Amino acid sequence: MKKVLFKNLGTVVSGDIKNPILDADVIYTEDGVIKYVGKEKAELEDQANTIVDCKGLDVAPGLIDAHGHPPINDFLAIYQTAGFAQNLVASGLTSMVSVGASNMPGFPYTVSGVKAMAVAGKQVWENYRPAGVKIHGGALMLVDGLQESDFAEMQKEGINVVGEVGQSPLQDVDALKEMVAVAKKYDMVVTSHAGTSFCRKAAVYTADDLLKINPSVICALNGGPTPMASKDIEKVMSDGDFYYDVLAHGSSLKILDVYELAVKYGKKDKLMFGSDMPSPAAYSPLGCWTIVATLANAYEDVHPAEFIAMGTGNVADCYGLDHGKIAEGYKLDMVFLDGFVPDDCPFKTLQSGNMCSTSNVVIDAELRMVRCKNVPGVSRNPEFITK
Ligand SMILES: [Zn+2]
């Protein structure tokens, strides 16, 4: 059994928005799972077979991109480019949730096609983890003709997300209302697009439509690329019981509006960040961190740990993930934070509107990437010592 003790930690960002910073200086894991987080205990040094001297560096859960459209491979046809999954890790993310591979050329919108794509997407990404990244693939796209027995079959296959409603050919609000209710009966998290899409064939829904469809997550609330009208954004936040995601390539100003509405309606624990990649304006592996920096810069009276929690623990809660929080029982997916202005403090760096360093990425308690090429360099590295 791999027993790893991370000691001499600086600030520990929990990923839990209700308690964003932990009073802790050690994390102890067994086979990648956090068994203890708190103050140093002598016996843990004896138990561990690897000891990591974290040299006072601050840590946070790796961000989880709550809104991606990963195809069933590592090649983004729209950009004719490969390796996007590893690029996530190089940008301080350890995980991505698929809300449907709808941008994949030739996506088959038939009953057999959407089921096959969901199963293959889930299984391929479980098997294929460049740099250890966790891509949660296999969102089911809704089409005419799906029966309750299909949802039961998908549940048995472990499919628990419905891809963005409005992006597939089934767009009638009443038909969707019925099918979404069936999907939820089979414990699926149903996502729905809001605002306009790049796809001419995508639906454009109002707040009233979305409240009727009643998904679990309203996506792209700040636009992807163009947001709904301000009154509709406020209505789905005041009247509905949803999670919400905002996108790096939507409106930055609307990100601030959505955050303020989340504060107003007591929904800070429902807000998540996504990249939407790949889409015509979105190849932005750093996108989720730029949202953290945007919010930290705009609201300097709020500790950036709260915004990091929106990009980690909130996503874990929404999609039932076993990672995204530094808490007992969760897998340890973590980035070491470092800054450059002033005092090497990553939080002050974020508050200045800059990206902090997230180099030294740990996934399942293993060091998976030392130098992350998409983020600033570090002042020091943790030291891993195996007994
Ligand atoms: Zn999308």
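The numbers here are math on the coordinates, done by the rules we state, and not lab data. Computed from a predicted model, the values in this text were never measured in an experiment. Cβ: placed from backbone, ideal geometry, glycine included. Neighbour counts: every protein chain shown.
What to note about this one:
- Amide H contacts under 5 Å for Asp25, placed H, 5+ residues apart: Gly38, Lys39, Glu40
- Here is the P(r) of segment 69-166: all C-alpha pair distances, binned every 5 Å from 0, give 3, 14, 24, 24, 18, 10, 5, 2, 0 in whole percents.
- Each peptide in 62-70, 115-123, 303-311 gets a packing score, the mean of other Cβ atoms within 10 Å over its residues, and the list from highest to lowest is 62-70, 303-311, 115-123.
- Rounded to the nearest 20 debye, dipole of segment 63-285 from Cβ charges on Lys, Arg, Asp, Glu: 340 debye
- Ranked by the mean number of other Cβ atoms within 10 Å per residue, highest first, peptides 319-329, 369-379 order as 319-329, 369-379.
- Alpha carbon Rg of segment 227-308, scaled by the compact-globule rule 2.2 N^0.38 Å: 1.06
- Counting only the Cα atoms, segment 192-258 fills a convex hull of 72 Å³ per residue.
- The order of the peptides 350-360, 254-264 by mean Cβ neighbours within 10 Å, most packed first, is 350-360, 254-264.
- 3J(HN,Hα) along segment 247-263, derived from phi through the Karplus expression 6.51 cos²θ - 1.76 cosθ + 1.60 where θ = phi - 60°, amounts to 10, 4, 9, x, 7, 5, 4, 6, 4, 5, 4, 5, 4, 5, 5, 5, 5 Hz, with x in place of Gly and Pro.
- Here segment 320-387 and segment 191-223 have alpha carbon centers that stand 34 Å from each other.
- Per-residue 3J(HN,Hα) values for segment 337-345, derived from phi via the Karplus relation 6.51 cos²θ - 1.76 cosθ + 1.60 with θ = phi - 60°, read 9, 8, x, 9, 9, x, 6, 6, 8 Hz in sequence order (x marks Gly and Pro).
- Over segment 171-296 - Rg/Rh using Cα atoms and the Kirkwood inverse-distance radius: 0.95
- Once both labels are positioned 7 Å from their Cα atoms along Cα-to-Cβ, the gap between Thr206 and Ser238 label points is 1.6 nm.
- Distant-in-sequence amide contacts of Asp58, defined by a placed amide H-H separation under 5 Å and a gap of 5 or more residues or a different chain, comprise Gly10, Thr11, Leu337.
- Residue-averaged 222 nm ellipticity for the chain, from DSSP H runs of 4+ at -39500 (n - 2.57), nearest 500: -8500 deg cm²/dmol
- Whole-Å distance, taken between Cα centres, linking segment 237-316 and segment 1-28: 23 Å
- Stokes-Einstein diffusion for the chain, with the hydrodynamic radius set to the Kirkwood value over Cα pairs and evaluated at 4 °C in a medium of 1.567 mPa s, equals 62 µm²/s.
- Phi to ³J(HN,Hα) by Karplus 6.51 cos²θ - 1.76 cosθ + 1.60 over segment 376-387, Hz, x for Gly, Pro: x, x, 10, 7, 6, 10, x, 10, 9, 10, 9, 5
- Ellipsoid fit via the Cα gyration tensor, segment 151-198: semi-axes of 20, 12, 8 Å, each the root of five times an eigenvalue, largest first.
- When you filter the trypsin sites (Lys or Arg not before Pro) in segment 1-78 for DSSP loop state and at most 11 other Cβ atoms inside 10 Å of their Cβ, you are left with Lys18, Lys39.
- Charges were assigned to the Cβ only: +1 to each Lys and Arg, -1 to each Asp and Glu. The resulting dipole of segment 126-239 about its Cα centre is roughly 380 debye.
- Length-normalised contact order for the chain - Cα pairs under 8 Å, 6+ apart - percent: 21 percent
- Taking the inverse of the mean 1/r over every pair of distinct Cα atoms in segment 238-286 gives a Kirkwood hydrodynamic radius of 11.6 Å.
- Length gained on full extension, Phe384 to Tyr109, computed as 0.36 nm times the residue gap minus the Cα-Cα distance: 94.2 nm.
- Between Glu153 and Asp46, the distance separating the two model label sites (each 7 Å from Cα on the Cα→Cβ line) works out to 5.7 nm.
- GluC sites (Glu not before Pro) restricted to segment 14-83 and DSSP loop, no more than 14 other C-beta within 10 Å: Glu40
- Across q = 0.17, 0.21, 0.25 Å⁻¹, segment 113-180 modelled as identical point scatterers on its alpha-carbon atoms has Debye log10 I(q)/I(0) values of -0.61, -0.85, -1.09, in the order of the q list.
- Low-density loop cleavage sites - trypsin sites (Lys or Arg not before Pro) in segment 166-234, where at most 12 other Cβ are within 10 Å (DSSP): Arg200, Lys201
- Hydrodynamic radius (Kirkwood) for segment 63-285, which is based on Cα pairs only, to one decimal in Å: 17.2 Å
- Between amide H atoms placed 1.01 Å from N, distances below 5 Å from His67 occur with Val97, Ser275, Asp276, all of them 5 or more places distant or on a separate chain.
- Label-to-label distance, nm, for residues given as Asn127 and Lys373 (7 Å Cα→Cβ offset): 2.7 nm
- Angle in degrees between helix 230-239 and the longest Cα principal axis of the chain, rounded to the nearest 10: 80 degrees
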